[in-house]
Amino acid sequence: MPLRLSETQYTVVRAALDRTVPGDDLTPGAGVAGGADYVDGLLAAFNFDPPRVWAGGPTSGRHGAAATFDQWLELGPWEERAWRARIEEWWIIYETGLATLGEDFLELSEAEQSARLSTTSKEFRELLFTHACESLYGDPVYGGNRDGQAWQAIDFRGDVQPRGYTDEEVRAP
Amino acid sequence: MSTPVNGTDCDAVIIGSGPGGSTAAHVLTAAGWNVIVLEKGRNHLLQLTAPFAPMGHFSNDEIKFSQRHFLGPDPALEPRTFRRDEADGDRFLTGHVNSLPSTVGGGGVHADGKLPRFREVDFALRSELGGVDDADVVDWPISYADLEPYYAEAEQLVGVSGEETNPFAAWRSGPYPMPPGADMFGALLSSAAAERRGLHPYRAPTGVNSVPYDNRPACNNCGFCAFYGCPIEAKGDPVALLRRALNTGRAQIISEAYASEITTDARGTRATGVRYLDLSAPITDSGAPPVHEIRAHHVVLAGGAFETPRLLLINELGNSSGLVGQNLMFHFQTLAVGGFPERLWGASRGRSVTHLHDDHIVGDDAQTAAARAADLPWLRGGIVEHGGAAGPILEALSYGVNPHHAASMRSSALRERLWVFTM
């Protein structure tokens, strides 16, 4: 159940993300990998307290800090104002863009979906592309890159705390 | 030595908690002064009650740091503007322009801590190399010899790892406090190539622990160095100095405190304190943050190369020379990038940059000829960094919408197969 998008909007976002940053046989598309959860989670960030804008600290709990990566950080009052305004701007861009894509978007072929996407605003396509990249190659805690699948495809380890890499792994990988 | 007297809140109020402000806070509190440090950004660095432990907010998270303005400045809150000249009107561009972190610790938090010293000649450019028409070339009022003991002390306090193999470096009164950290694979390739061309690469002096130091652990080479806060405090600058100041019990850090006005005596010749906007207060209907005032015997401006001149200019203070805010060069960087057939792992292992070379500062016959061709009396280059690329989100954004995006990411021409020389 999406948090802010309607069920229909959610499935259209997922398909549009897959057209924008598509997968292949080795890497999932941005939508398949959970990108719609990333977008929906961002648009609904203020459904939660603290808002789901900044994930917490390292998983390690090393050097005195608690292991709090899945806890979210508080925003200051002005940061909250800025993020609420930014998210509402994005919400309008998504609503408008998704309306242009239409509820029949899922019934189109991939080529037709790409053609339909090209009729949306540049603003919408740029936002969708940015969120596709962030969701697919960012940390899974934000909702995309499910189970780190995209990181596995590019051999990226993400948060490697507390182990990191040995000096030898840096000098001669 | 002085103590706060009636009518003042502290001996010194320090505007800015970055490398400059934290150093001032350490030195002044060590001398027995009481200081208040104002920082316009949030505090994600260290707790403000003993034992001043890490906040635990830093993580290996590209979304938070590179996409969501975690360290500030948020361009919606502190929009920076740029114009090339007056023909551009008020602004040519608004957004991220020369942004430095707006956070407790300032620019030290996201820097990868390359800390080379200036050389003797850098303090005497005019007398050594001569003036340049239409440029202000001046000697410093102090020499390298005057500053050397302070370099040595700062390197001990921050914790700098390095070695004395750079033939162009200034003399040192003692060794680096720590040996260099692990060489990055790409830097070993580029250093060997540079040596074949007769250049003199060396391991970069870096304010990152290579061994446990000052009760902070050695760097574990996590790869999230430049542009990230260090989750394990292997970076010493400026947390080491702020914690020292706090440990004296004579320092107070106030974050979300945006200095807006420097108060003066009636004659306007002596600073008496600072007024600041309290950005931690709930936002009222008027939208105007509460204004607080701190009165102090001394005001230390440590806001960095942009904010300090800006405060002076908007307060019409300290500019009898007319030079405040002029001749500013900020992180001007020229890049040369190379693609490699193999993965270098430069974007995901190690401390972003591990080797430098200084040959282009000294110059050669080609540089002299280039200066002559440009009708300049001399040309000097800068330090060249041998370093890796950025994270996978930035790489993904750079490929744009294309049907082969996934394959491009896997082959990683612009990340793991990229190596960068930055001057």
Q) If we scan region B:339-359, do we find a residue that is modelled with pLDDT of 90 or more, away from chain A (no Cβ under 14 Å) and farther than 22 Å from B:Phe118 by Cβ? A) yes
Q. What is the residue count in region A:135-147 for residues that are in contact with a strand residue (DSSP E or B) (Cβ under 9 Å, 6 or more places away or on another chain) and part of a helix (DSSP H, G or I)?
A. 2
Q. For region B:204-214, does any single residue satisfy the condition of being among the charged types (D, E, K, R) and either buried (at least 19 other Cβ atoms within 10 Å of the Cβ) or not in a loop (DSSP other than H, G, I, E, B) (or both)?
A. no
Q. Can you name the residue in region B:15-74 that is of a type in the set (Ser, Thr, Tyr) and under 15 Å from B:Gly107 (Cβ atoms) and, of all such residues, is nearest to the other protein chains (Cβ to nearest Cβ)?
A. B:Ser17
Q. Does B:Gly18 qualify as being within 18 Å of B:Ala245 (Cβ to Cβ), buried (at least 23 other Cβ atoms within 10 Å of the Cβ) and not aromatic (Phe, Trp, Tyr)?
A. yes
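Just give me the residues in region B:238-273 being in a strand (DSSP E or B) and touching a helix residue (DSSP H, G or I) at 6+ places or on another chain (Cβ under 9 Å), in sequence order. Give the derivation first.
Quick first cut of region B:238-273, residues in a strand (DSSP E or B) only: B:251-254, B:257-264, B:271-273.
Scanning region B:238-273 gives B:Ala251, B:Gln252, B:Ile253, B:Ala259, B:Ser260, B:Glu261, B:Ile262.
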Q. Mind checking whether some residue in region B:243-250 is touching a residue at least 40 places away in the same chain (Cβ under 8 Å) and closer than 30 Å to B:Met184 by Cβ?
A. yes
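Okay, residues lined up against (1) of a type outside the set (Asp, Glu); (2) within 14 Å of chain A (Cβ to nearest Cβ); (3) under 28 Å from B:Glu416 (Cβ atoms); (4) without any contact (Cβ under 8 Å) to a residue 40 or more places away in the chain:
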site: B:Val137; (1), (2), (3), (4): yes, no, no, yes
site: B:Glu148; (1), (2), (3), (4): no, no, no, yes
site: B:Ala170; (1), (2), (3), (4): yes, no, no, no
site: B:Pro179; (1), (2), (3), (4): yes, yes, yes, yes
site: B:Asp183; (1), (2), (3), (4): no, yes, yes, no
site: B:Ser190; (1), (2), (3), (4): yes, yes, yes, no
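How about region B:147-176: which of its residues are outside any helix (DSSP H, G or I) and closer than 20 Å to B:Val353 by Cβ? Can you show your working first?
Looking only at region B:147-176, we keep the residues that are outside any helix (DSSP H, G or I), and these are B:159-176.
B:Gly159, B:Val160, B:Ser161, B:Gly162, B:Glu163, B:Glu164, B:Thr165, B:Asn166, B:Pro167, B:Phe168, B:Ala169, B:Tyr176, listed by residue number.
Might you let me know whether region A:161-169 holds any residue that is hydroxyl-bearing (Ser, Thr, Tyr), assigned to a helix (DSSP H, G or I), crowded, with 17+ Cβ neighbours inside 10 Å and within 14 Å of chain B (Cβ to nearest Cβ)?
Initially, region A:161-169 is screened for residues hydroxyl-bearing (Ser, Thr, Tyr), giving A:165-166.
From the residues that got through so far, the ones that are assigned to a helix (DSSP H, G or I) too are none.
The answer is no; no qualifying residue exists.
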(Q) Condition (residue is within 12 Å of another protein chain (Cβ to nearest Cβ) and without any contact (Cβ under 8 Å) to a residue 12 or more places away in the chain) applied to region A:137-144: is it met by at least one residue? (A) no
(Q) Suppose we keep only residues that are more than 10 Å from chain A (Cβ to nearest Cβ) and over 18 Å from B:Gly388 (Cβ atoms) within region B:220-238. Which one would you say is surrounded by the fewest Cβ atoms within 10 Å (Cβ to Cβ)? (A) B:Asp237
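Yes or no, residue by residue, for (1) within 8 Å of chain B (Cβ to nearest Cβ); (2) assigned to a helix (DSSP H, G or I); (3) among the hydroxyl-bearing types (Ser, Thr, Tyr):
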| position | (1), (2), (3) |
| --- | --- |
| A:Glu80 | no, yes, no |
| A:Thr96 | no, yes, yes |
| A:Thr119 | no, no, yes |
| A:Gln149 | no, yes, no |
Q.
Name the residue that is nearest to B:Asp61 (Cα to Cα), counting only residues in region B:360-412 that are at the interface with another protein chain (Cβ under 9 Å from one of its Cβ atoms) and of a type in the set (A, V, I, L, M, F, W, C).
A. B:Ile393
Q: Kindly provide the set of residues from region B:387-408 that are closer than 21 Å to A:Gly31 by Cβ and surrounded by 23 or more Cβ atoms within 10 Å (Cβ to Cβ), ordered by number.
A: B:Pro392, B:Glu395, B:Ala396, B:His405, B:Ala406
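Any idea which of B:Gly105, B:Gly162, B:Gly72 is free of Cβ contacts under 8 Å to residues at least 40 places away in the same chain, surrounded by 12 or more Cβ atoms within 10 Å (Cβ to Cβ) and closer than 30 Å to B:Ala53 by Cα?
On the way: B:Gly105 fails: free of Cβ contacts under 8 Å to residues at least 40 places away in the same chain; B:Gly162 fails: free of Cβ contacts under 8 Å to residues at least 40 places away in the same chain.
None of the other options fit; the residue is B:Gly72.
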Q | Test: B:Ala193 is in a helix (DSSP H, G or I) and out of contact with any Phe, Trp or Tyr (no Cβ under 6 Å at 6 or more places or on another chain) | A | yes
**Q.** Filter result for the condition that a residue is among the charged types (D, E, K, R), in contact with a helix residue (DSSP H, G or I) (Cβ under 8 Å, 6 or more places away or on another chain), within 19 Å of A:Gly56 (Cα to Cα) and surrounded by fewer than 16 Cβ atoms within 10 Å (Cβ to Cβ), over A:Asp147, A:Asp139
**A.** A:Asp147
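Can you go through A:Ala153, A:Ala132 and tell me which one is in a helix (DSSP H, G or I), over 26 Å from A:Tyr94 (Cβ atoms) and either without any contact (Cβ under 8 Å) to a residue 24 or more places away in the chain or of a type in the set (A, V, I, L, M) (or both)?
Values: A:Ala132 fails: over 26 Å from A:Tyr94 (Cβ atoms).
That would be A:Ala153, the only listed residue that is in a helix (DSSP H, G or I), over 26 Å from A:Tyr94 (Cβ atoms) and either without any contact (Cβ under 8 Å) to a residue 24 or more places away in the chain or of a type in the set (A, V, I, L, M) (or both).
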Q. If we scan region A:1-15, do we find a residue that is surrounded by fewer than 21 Cβ atoms within 10 Å (Cβ to Cβ), closer than 23 Å to A:Ser118 by Cβ and among the charged types (D, E, K, R)?
A. no
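Yes/no per residue for (1) of a type in the set (A, V, I, L, M); (2) surrounded by fewer than 16 Cβ atoms within 10 Å (Cβ to Cβ); (3) in contact (Cβ under 8 Å) with a residue 12 or more places away in the chain; (4) out of contact with any strand residue (DSSP E or B) (no Cβ under 8 Å at 6 or more places or on another chain):
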position	(1), (2), (3), (4)
B:Gln252	no, no, yes, no
B:Ala257	yes, no, yes, no
B:Leu277	yes, no, yes, no
B:Ala281	yes, yes, no, yes
Q: Select from region A:30-62 the residues that are in contact (Cβ under 8 Å) with a residue 24 or more places away in the chain, within 11 Å of chain B (Cβ to nearest Cβ), buried (at least 22 other Cβ atoms within 10 Å of the Cβ) and not hydrophobic (A, V, I, L, M, F, W, C) and list them in ascending order.
A: A:Tyr38, A:Pro58, A:Ser60
Q. Cβ-Cβ below 9 Å, separation at least six or inter-chain, first residue in region B:197-219 and under 16 Å from B:Thr354 (Cα atoms) and within 13 Å of chain A (Cβ to nearest Cβ), second surrounded by fewer than 16 Cβ atoms within 10 Å (Cβ to Cβ) and acidic (Asp, Glu): which pairs?
A. B:Arg203/B:Glu163
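The values are calculated or read from the model by the stated rules, or taken from the named source; none is laboratory data. These figures come from a predicted structure and were not determined experimentally. Cβ coordinates were reconstructed from backbone atoms using ideal geometry, including for glycine residues, and neighbour counts include every protein chain displayed.
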